[in-house]
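Enquirer: This is the structure I have questions about; it appears just below.
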């Protein structure tokens, strides 16, 4: 997925947007605005972690009208609470001149990169299940937990992560490895969209595999890359 940009001086910019998902009559997927913002922010935050960065500023781009602003802010705040973190300062803008028939919004994060030594010998797993649309709301137990990912990164159970977006696991592996012919063996559908990063590729050091299995449970599955 990797919608991350290194803008220099140790800063990383990540973003994700959402259209046609919300509380407007014309929306394709009906969902509370705070949930829409939560999942957009989820993708941006995971991209920060994948870049070994922590967000210091958040910008919300709101095209749904002024009534949605506080709900979007609440969704972003809820995300950080779930991850066990204090939310950074939130700013942004709202389109009030034109009223759209569908909801539209985006979340952008500016983060500070944290340099650290990485373990090279790792085994890759998927954590979570690729889900899209209403599946995300109906199958919450299969969505990769931010709190558990955060814990795993902090204690070294997971060495690095790679969020899976709309292109699916196989294409993400090919992008991650730089090998456009790479193949994967997984119990999951390798071509299905990961939606708002409901599934994440995680790299686990050999000596931490048992700990990862205990922490993530049944949602952790080994992936073979060839």
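Enquirer: Using a Debye calculation, one point per C-alpha and no hydration shell, please list log10 I(q)/I(0) for region 33-129 at q = 0.11, 0.13, 0.21, 0.22 Å⁻¹ in order.
Expert: -0.39, -0.51, -1.03, -1.10
Enquirer: While we're on this one: Please arrange 150, 42 by how many other C-beta atoms lie within 10 Å of their C-beta, fewest to most.
Expert: Final ranking by Cβ density, sparse to dense: 150, 42.
Enquirer: Please report the spacing between the Cα centers of region 27-56 and region 115-164 in Å, no decimals.
Expert: 14 Å
Enquirer: Please order 187, 200, 143 by the number of other Cβ within 10 Å, starting at the fewest.
Expert: Going from least to most buried by this count: 187, 143, 200.
Enquirer: Still on this model: Quick one: among 159, 138, 23, which has the greatest mean-square fluctuation in a GNM of the chain with alpha-carbon springs under 10 angstrom?
Expert: Looking only at 159, 138, 23, the largest GNM fluctuation is found for 138.
Enquirer: How high is the relative contact order of the chain, in percent, with contacts defined as C-alpha pairs under 8 Å that are six or more residues apart?
Expert: For the chain, the relative contact order is 23 percent.
Enquirer: Please check: in the Gaussian network model of the chain (C-alpha springs, under 10 Å), which one of 134, 97, 62 has the largest mean-square fluctuation.
Expert: Sorting by GNM fluctuation, first place goes to 97.
Enquirer: Over region 4-113, what is the relative contact order in whole percent, taking alpha-carbon pairs under 8 Å and six or more residues apart?
Expert: After rounding, I find 42 percent.
Enquirer: Let me ask you something else. Got the relative contact order for region 164-224 handy, in percent, Cα pairs under 8 Å and 6 or more residues apart?
Expert: About 39 percent, as a whole number.
Enquirer: Rounded if a/c is under 1.5, else prolate if a/b beats b/c, else oblate: with a ≥ b ≥ c from the C-alpha gyration tensor eigenvalues square-rooted, which is region 106-164?
Expert: It is oblate, given that a/c is not under 1.5 and a/b is not larger than b/c.
Enquirer: For region 122-225, what is the Kirkwood hydrodynamic radius in Å, using each pair of distinct C-alpha atoms?
Expert: That comes to 13.5 Å for region 122-225.
Enquirer: Now a separate question. In which sequence would 33, 78, 6 go, from the one with the fewest C-beta neighbours within 10 Å to the one with the most?
Expert: Taking fewest neighbouring Cβ atoms as first place, the list is 6, 78, 33.
Enquirer: Next question, about the same structure. Of the candidates 86, 53, 117, which one comes out as most mobile in a Gaussian network treatment of the chain with C-alpha springs shorter than 10 Å?
Expert: Evaluated over the chain, the most mobile residue of the options is 117.
Read the figures in this text as sums done on the coordinates, not as results from a lab. Since the model is a prediction, treat every value here as computed from it, not as a measurement. Methodologically, a virtual Cβ is constructed for each residue, glycine included, from the backbone with ideal geometry; neighbour enumeration extends over all protein chains shown.
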